[in-house]
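Have a look at the structure below, then the notes.
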2 protein chains.
Amino acid sequence: MKPVNDLLLRVARGEEVERPPVWLMRQAGRILPQYRAIRESLSDFKVLVETPALAAEVTVQPVDELGVDAAILFSDILVIPQAMGLPYEMAEKRGPWFPDTIRSASDIAALLEGEEAAARLPFVYEAIRQTNAALSGRVPLIGFAGAPWTLLAYMVEGQGSKTFTKAKQMLFPEPALAHHLLEKITSSVIAYLKLKIEAGVHLVQLFDSWAGLLGPEAYRTFALPYIRQICEAIPEVPVTVFAKGAWFALEDFAALPCQVIGLDWTMDPAQSRSRVGERPALQGNLDPCVLFSNEEEIARQTRQMLDDFGPGHIANLGHGVYPDTPLENVRCFVNTVKNYRYGG
Amino acid sequence: MKPVNDLLLRVARGEEVERPPVWLMRQAGRILPQYRAIRESLSDFKVLVETPALAAEVTVQPVDELGVDAAILFSDILVIPQAMGLPYEMAEKRGPWFPDTIRSASDIAALLEGEEAAARLPFVYEAIRQTNAALSGRVPLIGFAGAPWTLLAYMVEGQGSKTFTKAKQMLFPEPALAHHLLEKITSSVIAYLKLKIEAGVHLVQLFDSWAGLLGPEAYRTFALPYIRQICEAIPEVPVTVFAKGAWFALEDFAALPCQVIGLDWTMDPAQSRSRVGERPALQGNLDPCVLFSNEEEIARQTRQMLDDFGPGHIANLGHGVYPDTPLENVRCFVNTVKNYRYGG
């Protein structure tokens, strides 16, 4: 079903629009009291991820509450390792972690991949169907997945880390192991995204959250080729690539068959546009900390960003919105974008 | 006293050399068994920082053991907040933290600054004198300080953080408070570096470890002007600016009166040189994870880096060496540089 408000998809396809669409990374989350009420009633974060009715409910909340131009399915990038046979747990303060990690060729050999892995996530596809029913075509629904390098990083390291030393140690000097794992992750992500699209998402976003831990040569060896494979395998809907900290790879992303590049807040809008050329569309990139400021300053910096990007832009933050951001300030950001007009 | 091996200083001054000098950030530390032996005999990390004979001993260790071309005084960037009246503690796994943090104008008013603060660190100046006595002029001695934004980040946040949200909240919407704190930090850092130079350091390096948490506009407002003040106040010795993650500010650093720019491992050597022009010298930037590889790969990537930078380069890693790096691999990195010849 084609959404009524299709601003996001029109910008992704390179069409002209009257104003930029706006949504926020992590908009379905702790910034909303409705989300916190549901979350607090549950023993475990994963119950929310794995119960379609609940995932659908929190996905729709920011559309109802904030009037954003897109919904993004509530989920976690770590469902893919889990589907491959490496379950994760979510600890309240510590964040995600893996009781078992990938250490050897036999660990990798034991992992499922491709359609066999993707088939183990029926709760995601059902959540998509329920979300679209609840949205009844108001806005497009975004589905996401972790990029292969970022998923490898978690699967090898076992948890978040400032340096991901264990994961990076797998890259040198015997890269064959890493490439084998990256291939299995890639085939799983592709099959997963195909099923998400079949279930009804209108655009998919890849999160390469740990891109900035690799230098340019390592990124071009261990991350980009797999992102390219995914982009090439997904002609059905627009693809957004958001690789945090990979400022050096912007020209590489522009050469991918992707429709949108997500930018973190260290990227200058005008400079990024000139590095990329006319296409693809750019998404981002206000510093999420600006939303701790007052409404005047938020509106000023938001309008400045919109001016600097110009057309071909999807308004967002340069990172997920921080959970303790005042809701009124998020609303101010969204409304500033919605009241903006190109050439106005 | 002019050091016998003055390669580092000649490159910093823009003179021709036969090969790049080499040292490693965090070379005085856990990679050395001699360091670990001393550290394990002490109850607290701060005893090592605050006891001149011990600080001098661990500073000289990597010169004896690895044959690096410079020593860097063992210390901590957080001695400055402590001297200003905000003591820190070092927890074994958690890292540094502050029992009290800066919250208000009156907290800032209560801080010492400038010479009055710097005078409270006699153990640092004494460690410099003892280090130079032990080095007897073999290699130059580097002194360092935290850059003002990074010190503010710790003083307001109270500890390390992925996002430093509290610190960034001080920047908007009432920047006057942040600027007042940054001014007091800056005057303290300048007075501190003056006393370090008087005591005998041959070059000073500023660490802006949390530079990448700010976007370009915020960095140019809250970080760069204070780094400039420090560079302008220190004509006596060369100054190195190392701002991790501030890839967007490379041209700004090149316009400072500094002699060396440190680069993290995400910066392409040849591209960085072309952005900067002929001067200043560049320092860095091998990914520290490469040192977990084998000797063949370490030598290959090190030589590649030296080729890519060309002259006007100080060989180093793009980040502090990780504590669990095999010593033989560090030695391989150092020796690869020492066996390299320009035009050879």
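Tabulated values for the structure
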| item | result |
| --- | --- |
| CD proxy at 222 nm, helix term only [per DSSP H run n ≥ 4: -39500 (n - 2.57); per residue of the protein assembly as shown; nearest 500] | -13500 deg cm²/dmol |
| Debye intensity ratio I(q)/I(0), log10, region A:17-100, q values 0.11, 0.21, 0.22 Å⁻¹ (C-alpha model) | -0.35, -1.02, -1.09 |
| Under-5 Å amide H pairs with A:ALA243, H placed in peptide plane, nonlocal only | A:ASP208, A:GLY262 |
| 5 angstrom amide H check on B:ILE72, placed H, neighbours 5+ away | B:ILE142 |
| Whole-Hz couplings from phi, Karplus 6.51/-1.76/1.60, listed for region B:261-272; x for Gly and Pro | 10, x, 10, 7, 6, 8, 8, 6, x, 5, 5, 5 |
| Virtual spin-label span in nm between A:ASP44 and B:LYS93, 7 Å along Cα→Cβ | 2.3 |
| Nitroxide proxy distance, nm - points 7 Å out along Cα→Cβ at B:ARG220 and B:GLU232 | 1.7 |
| Percent of beta bridges antiparallel (DSSP, chain B, rounded to nearest 5) | 15 |
| Shielding by other protein chains, A:163-175, mean Cβ within 10 Å | 5 |
| Region A:7-338, relative contact order [Cα under 8 Å, separation at least 6], % | 21 |
| Size of electric dipole in region A:7-338: Cβ of Lys, Arg +1 and of Asp, Glu -1, about Cα centre, debye, nearest 20 | 100 |
| Burial ranking of peptide ranges A:266-273, B:256-263, B:108-115 (average Cβ count within 10 Å, highest at the top) | B:256-263, A:266-273, B:108-115 |
| Partner lysines for B:LYS184 [C-alpha distance under 27 Å; skip if fewer than 8 residues away on the same chain] | B:LYS46, B:LYS162, B:LYS166, B:LYS168, B:LYS194, B:LYS196, B:LYS244 |
| On Cα atoms only, tilt of B:175-199 relative to the major axis of chain B in degrees | 50 |
| In Hz, Karplus ³J(HN,Hα) per residue of region B:314-328 (6.51, -1.76, 1.60; θ = phi - 60°; x = Gly, Pro) | 10, 6, 6, 8, x, 6, x, 5, 6, x, 9, 5, x, 4, 4 |
| Computed label-point distance, nm, for sites B:ARG275 and B:ALA133 using a 7 Å Cα→Cβ extension | 4.5 |
| Positive-end residue, chain A charge dipole about Cα centroid, Cβ charges, pick of A:LEU291, A:VAL260, A:ASN132 | A:LEU291 |
| Which of A:LYS196, A:LYS338 has the fewest Cβ neighbours within 10 Å, and the rest in rising order | A:LYS338, A:LYS196 |
| Inter-chain shielding of A:206-218 (mean C-beta neighbours from other protein chains, 10 Å cut-off) | 4 |
| Phi-based couplings in Hz for region B:116-127 (Karplus 6.51, -1.76, 1.60; Gly and Pro marked x) | 4, 5, 4, 5, 8, 10, x, 4, 5, 5, 5, 4 |
| Between 0 and 90°, nearest 10: helix A:295-309 axis offset from chain A longest Cα axis | 70 |
| Cβ nearest the rotation axis (A onto B), residue from chain A and distance to the nearest whole Å | A:TRP247, 3 |
| Theoretical FRET efficiency, 1/(1+(r/R0)^6), r = Cβ-Cβ of B:GLN159 and B:ALA110, R0 35 Å, to 0.05 | 0.95 |
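Every number in this text was worked out from the coordinates using simple rules, so none of it is lab data. All figures in this text were calculated on a predicted structure; none of them were measured in a lab. For neighbour counting, all protein chains shown are included, and Cβ atoms are generated from backbone atoms with ideal geometry for every residue, glycine included.
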